[in-house]
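Below you'll find the structure, written out as structure tokens, and then a few comments.
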Amino acid sequence: MKRYEKANEGIHAPEEVKEKAVRPHRRRPYARWTGAVAAVLAVAVIGGVAMWPDSRANPYVDNLGGPAPFSLDGKNRSAGPSTALAAHTLAAAEYPEMHPYPRQDDYFSDYTDHSSADYDRDYEAWQADITALRSNADYTGMMDEFLSASTVQFLAGAGEDNRVYSPLNVYMALSMLAETAGENSRQQILDLLQVDSIEALRDRAAALWKDHYRDDGTVTSILGNSLWLRSGMTYSQKVLDILAKDYYASSFSGEMGSEEYNQALRDWLNEQTGGLLAEQAEGLEMKPETVLALASTIYFKAAWDDEFNKERTETDTFHAPSGDVDVDFMRKAMESSFYWGSNFTAVQLRFQQGGSMWLILPDEECSVDELLQSGEAMDFLLAPKYDRYDGDGNMVREGWTGQKYLTINLSMPKFDVSSDLDLIDGLKALGVTDVFDMNVSNFDPLGASTDDPLYVGTAQHAARVKVDEEGCEAAAYTVMMMNAGADAPPDDEVDFTLDRPFLFAITGDSGLPLFTGVVNQPNG
């Protein structure tokens, strides 16, 4: 047994926004598709009525300053859609500039002192940009209950199907929803997100945004947020300002239910996610009765630290729940830590300059669902992997005990998996119920000028992850509509063959899971 993106008619955007939206893309020297791309959209659509009191543009500029591009496949993207909006821009979030990561090959080809000085200068500039953003938060244990409970809730029960879920994206979407909610409707969300107050949640959301921001030509990791308001309706300026400052959320106003406004939302989503979810986004609509749409995205891109050799990829058998299928398996040998628990084994595939993909294989006698329900898989994923010591040499945190450094002969399938999830029942099971019930829901902080009760009527989450020899490509969106241990391996070499259902997770620099998933059918 082996373990392991209609012209501009009807457009009301300010001229400076139009100019910014249609400006030519500026190429970055190091931006190329290098493997892992992960994108997530989260949309919370709130139904109702209203009138916006101030029609002027009010671009919000964070103290980090700078234009608002993000680089995707060599192109700069802004925090707004590339097309002129069928909307008035009320607030524009600004993304910080980041110095490109200096690749040594571009500096030391002639081995001159001048090249060395240039490299040192550019490396220090890059490192300073990274350091200026980081919150230095230790997320150990801080969000574990949400991450674990929600992942199990939305991954378990896949049956013969694949399933993909982004806990961090849903966390950010719920955080923005909490800003618009009041009383018990808010408290239930705060409880699920493991925070004591809305102020603490703002601090955490800001830290999460900054800690997961990278746009240096080697790694791209960006959390994007936006609000889509109904024109002719009043809203709380205070709430919009908070969302702009702490959540980097741009705000737009337009005619709810119009195709132009709907397309503007789709364009924004496609810009933020590189069009990876264009087919899914095409079905998104804000209805005439919609009051507000909250959209949240995450985009992650990086290459494997050590790419697979395509010449070693061969077709082999994957034992899917519905029967054996032929799949292209990627293979390589690597020196790395091998992990195990009572009912699983696991390996780590690192991305260039930060982040990893974790591959978790249940033992043959243990199903994916059983491993998820036992909690062991999430315990492993969220646990620190190595011991930590203080300045005096005393251990202050114990790492995962089941691990050994050895040669791993990895064989994993290229896969393309996707899923569509309805989140309402799952969120109710996790304790968030009032926002879905018009009789008890409270969205007073939103300040929407309507006497009609507001409630969330739809909550959907779709995701897709593709993996090949260079890396992975992933995308997902959430839509919420609110209407009026085992024994150690004995040898120094082990085979880790993912030829039956397995779990995976994509983590960023912080170690928090950006994506989790179950692979039952590698071919989709």
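Residues in the range 431-444 that are open to solvent by 40 Å² or more (accessible area, probe 1.4 Å) and either under 28 Å from Ser148 (Cβ atoms) or of a type outside the set (D, E, K, R) (or both): 5 in all.
When Gln348 is tested against the conditions (1) polar (S, T, N, Q); (2) assigned to a strand (DSSP E or B); (3) closer than 30 Å to Ala244 by Cα, the lone failure is (3). Scanning the range 198-218 for residues that are touching a Phe, Trp or Tyr at 6+ places or on another chain (Cβ under 7 Å) and either open to solvent by 10 Å² or more (accessible area, probe 1.4 Å) or not in a strand (DSSP E or B) (or both) gives Ala205, Trp209, Asp216, Gly217, Thr218. Residues in the range 174-197 that are assigned to a helix (DSSP H, G or I) and out of contact with any Leu (no Cβ under 7 Å at 6 or more places or on another chain) were compared, and the one that is most open to solvent (accessible area, probe 1.4 Å) is Glu183. Can you say whether Leu512 is modelled with pLDDT of 85 or more and either of a type in the set (Phe, Trp, Tyr) or over 23 Å from the mean Cα position of the chain (by Cα) (or both), as far as the supplied structure shows? Here the answer is no, as Leu512 does not meet what is asked. Within the range 435-451, residues that are in a helix (DSSP H, G or I) sit with their Cβ atoms under 8 Å from residues that are of a type in the set (Lys, Arg), at 6+ positions apart or across chains, in these pairs: Phe436/Lys428; Pro445/Arg186.
Would a scan of the range 324-338 turn up a residue that is small (Gly, Ala, Ser), outside any strand (DSSP E or B), open to solvent by 10 Å² or more (accessible area, probe 1.4 Å) and modelled with pLDDT of 85 or more?
Looking only at the range 324-338, we keep the residues that are small (Gly, Ala, Ser), and these are 333, 336-337.
From the residues that got through so far, the ones that are outside any strand (DSSP E or B) too are none.
Scanning the range 324-338, I find no residue that is small (Gly, Ala, Ser), outside any strand (DSSP E or B), open to solvent by 10 Å² or more (accessible area, probe 1.4 Å) and modelled with pLDDT of 85 or more, so the answer is no.
Among the residues of the range 306-322, those identified as outside any strand (DSSP E or B), farther than 11 Å from Ser411 by Cα and polar (S, T, N, Q) are Asn309, Ser322. For the range 147-173, a residue qualifies if it is open to solvent by less than 50 Å² (accessible area, probe 1.4 Å), over 15 Å from the mean Cα position of the chain (by Cα) and closer than 15 Å to Leu193 by Cβ, and the qualifying residues are Ser148, Ala149. Residues in the range 386-409 that are in contact with a strand residue (DSSP E or B) (Cβ under 7 Å, 6 or more places away or on another chain) and not in a strand (DSSP E or B): Asp387, Asp390, Trp400, Gly402. The residue that is farthest from Ala205 (Cα to Cα), counting only those in the range 119-144 that are open to solvent by less than 70 Å² (accessible area, probe 1.4 Å) and aliphatic (A, V, I, L, M), is Ala125.
For the structure I just gave you, tell me whether Glu370 is surrounded by 13 or more Cβ atoms within 10 Å (Cβ to Cβ) and acidic (Asp, Glu).
Yes; evaluated as a whole, the condition is true for this residue.
The single condition among (1) crowded, with 23+ Cβ neighbours inside 10 Å; (2) among the aliphatic types (A, V, I, L, M); (3) out of contact with any strand residue (DSSP E or B) (no Cβ under 8 Å at 6 or more places or on another chain) that Leu349 does not satisfy is (3).
The values are calculated or read from the model by the stated rules, or taken from the named source; none is laboratory data. Since the structure is predicted, the reported quantities are computational estimates derived from the model, not experimental observations. Heads up, the Cβs are rebuilt from the backbone with ideal geometry, glycines too, and the neighbour counts pull from every protein chain shown. Heavy atoms of the whole protein, side chains included, go into the accessibility calculation; ligands, DNA and RNA do not. Shrake-Rupley method; radii C 1.70, N 1.55, O 1.52, S 1.80 Å.
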